[in-house]
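The values are calculated or read from the model by the stated rules, or taken from the named source; none is laboratory data. Quick caveat, the model's predicted, so the values are computed rather than measured. Glycine also receives a Cβ, built like all others from the backbone with ideal geometry; neighbour counts cover every protein chain displayed.
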Amino acid sequence: MIPFEQIKAFYEAHLPEATWKGAHLIAPCPICNRQKKEKPGRLVVLLNPESYFRGHFRCQNDCVPGGFHAHFARMMDITGHQVPGFDPDADAYALNQNYPSRHLGVELDKFAALMSADQYGYFGQYGVSENTLKQMRVGFNGRYLVYPYFQESGFAYAAHCVLPGREQDQFWHGDESFFSGEAAVFNAREIGRCEGGALFITTSELNALILKELGYPAIAVPSIDQIANLRSERLARIAHLFLLVPNTPEARLAAREFAVVAGFKARILSWPGRIKRGEDLPHLAADPAAEMPKAVQQMIRWSKAFSPFASPEKERERFISLLEKESGKEMPGLATGFEKMDRHLDGLRGINIMGGPPKAGKSCFFMQISSEVARRSVPVIYYDFENGRQKIYMRTLVRLSRLSEKRIRAGGLTGEEKQSLDKALGEFQTLLPCFRVVNDRQLTPDTMRRHIDFIRHETRKDDLLIVVDSLHKLPFKDLTERRTGIDSWLRQLEAIRDEYNACFLVISELTRGKGGGYGEKPDLSSFKESGDIEYSADNALILMPDWDPMAPVTTQARKSILWMVASRESSPGPVAQYELDFPYWRFKEV
């Protein structure tokens, strides 16, 4: 940012006959004198240190378009080293555009000559004067208003033709390579004039004309979808960008996307309450009660620099809201239904990655936790790439009813068994709204976010459990880059955890030990293609059976130990021992 005192001193040095009137420096226009005007105008420079437009000059005779100090220096042939903020190494931005030999100069003169009282009256209702229209060389072709799109070179190769009062009825005239892209900027020469100062970016030529009449420098793109064509490099020398777009969610979103690229210098203006959805500056200008100049000044004052950070007020509200939500809870995380596990972890929080040998019961363990969480009316999204939706539902029903799958399928249940099954079906129906199983083999992080938004909206719950079975089966673009694909997914899970304050249960495969087995003491190196697991996991767990999952089915008790191998908050070591109650697919904490 150029210090105000430097700008003030620059103008005082080059306007020796100037006098002060409030925050304005007023002098006989030296540019008029250089042009040997019969009646030189007065040059007015705004030098209010609190204004974003400080240093903006304007000749009351409009001998040249107004601008900021760098533009004044060019008009007066002042050498660069005398200009505040001068960068000798800076190169002028050049459009990637081929300029044809033919331009629209003669045609624009004809269109300008066709302007009559009717057209001037149309603009007059919005406060735009005949003088401003002539400066911008706005014309009329007998039915459509003609807005010429002059390039920085001073020539126009295209013109936008718009039916008065019906902007949707429009077409382009001239060289079609200038109808869109970077070249489609109305009043593009204003960009160079605003070096070191401020500039409005708006949509539609009429908005730009209204702003110019009010004394503000402005450019316009033909429609909101073309604002993305403005390159930040082209606007790099401008200190403040004011985005004034129609009052629609789509326009505001496009402005925000542009502001992300433009950075802190961008300010999105908010409309007064009287402006309805879909309206913009002409509606404000046509309302006599709106006091147009004051309304725009107020919008500028209320504007805030676009920030990639949430406001301190919003951050405080989020934090206080989280404290209030957690108030009165026995533990900050989600209850799993396993007492020792809940006590050790203080409930499920963050990203919990669990490994184990094949067929050790990892999926079964997570299915049980998932259904227990859903029974407490906490939404669960179960991303399954291992078992299939029907197997998950069947094992849940078996566990709830304590009837084997064979017994349920065989039929002919006793009265007591039928009663157990009916009760389990009722519980199953109750938990289903909070228990969603997804088998999407084309899953992406964006799709996952949409799922989360939907289930949180549908259940009206903030708490959320996301299960991934398993990490190594998540879709990757290229199977040859599996390791980098896993790391990429872990980065995305971290982002989703932070965005939604969501909890994850993620199954990971283990790598085989030296003897080809999995019996060594579990640690972080046990995870297969561990990649960033050690950095991403809030809790890294391993379920290690003391029986051989690959051996034939026996009557031997199937017991496993759940190990905490790494944690941000809990101590490593054994969490608890679990016994699988087969064939009911239910783990019991021993």
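Can you give me the number of residues within segment 263-315 that are without any contact (Cβ under 8 Å) to a residue 12 or more places away in the chain, assigned to a loop (DSSP other than H, G, I, E, B) and exposed (fewer than 12 other Cβ atoms within 10 Å of the Cβ)?
4
Table: residues versus (1) in contact (Cβ under 8 Å) with a residue 24 or more places away in the chain; (2) hydroxyl-bearing (Ser, Thr, Tyr); (3) within 27 Å of Tyr500 (Cα to Cα); (4) in the same structural domain as Arg441 (by TED's automatic domain parsing).
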residue	(1), (2), (3), (4)
Glu317	no, no, yes, no
Arg376	yes, no, yes, yes
Val380	yes, no, yes, yes
Leu400	yes, no, no, yes
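Does Gly85 qualify as being among the small types (Gly, Ala, Ser), buried (at least 18 other Cβ atoms within 10 Å of the Cβ), in a loop (DSSP other than H, G, I, E, B) and out of contact with any Phe, Trp or Tyr (no Cβ under 8 Å at 6 or more places or on another chain)?
yes
Taking Ser560, is it modelled with pLDDT of 90 or more and either among the basic types (Lys, Arg) or buried (at least 17 other Cβ atoms within 10 Å of the Cβ) (or both)?
In short, yes.
If I ask for residues that are over 17 Å from Cys503 (Cβ atoms), of a type outside the set (A, V, I, L, M, F, W, C) and surrounded by 13 or more Cβ atoms within 10 Å (Cβ to Cβ), which ones from segment 419-443 would you list?
Passing the criteria: Ser420, Glu427, Thr430, Pro433, Asn439, Asp440.
If you check every pair at least six apart or on different chains, which have Cβ atoms under 6 Å apart with a residue in segment 120-149 that is without any contact (Cβ under 8 Å) to a residue 40 or more places away in the chain and crowded, with 16+ Cβ neighbours inside 10 Å first and a residue that is in a strand (DSSP E or B) and among the charged types (D, E, K, R) second?
The qualifying pairs do not exist here.
Would you check which residues across segment 394-407 are within 50 Å of the chain's Cα centre (by Cα) and either surrounded by fewer than 16 Cβ atoms within 10 Å (Cβ to Cβ) or more than 17 Å from Arg436 (Cβ to Cβ) (or both) and list them?
Val398, Arg399, Leu400, Ser401, Arg402, Leu403, Ser404, Glu405
What single numbered condition from (1) in a helix (DSSP H, G or I); (2) more than 25 Å from Lys8 (Cα to Cα); (3) charged (D, E, K, R) fails to hold for Asp169?
Failed condition: (1).
Could you identify the single residue in Val64, Val83 that is aliphatic (A, V, I, L, M) and either under 18 Å from Lys212 (Cα atoms) or in contact with a Cys (Cβ under 9 Å, 6 or more places away or on another chain) (or both)?
Val64
Out of segment 444-490, which residues are of a type in the set (D, E, K, R) and either under 16 Å from Ile533 (Cα atoms) or surrounded by 14 or more Cβ atoms within 10 Å (Cβ to Cβ) (or both)?
Arg449, Arg456, Asp462, Asp463, Asp469, Lys473, Arg482, Arg483, Asp487
May I ask you to say which residue of Leu209, Leu241 is in contact (Cβ under 8 Å) with a residue 12 or more places away in the chain and either of a type in the set (Phe, Trp, Tyr) or part of a strand (DSSP E or B) (or both)?
The conditions single out Leu241.
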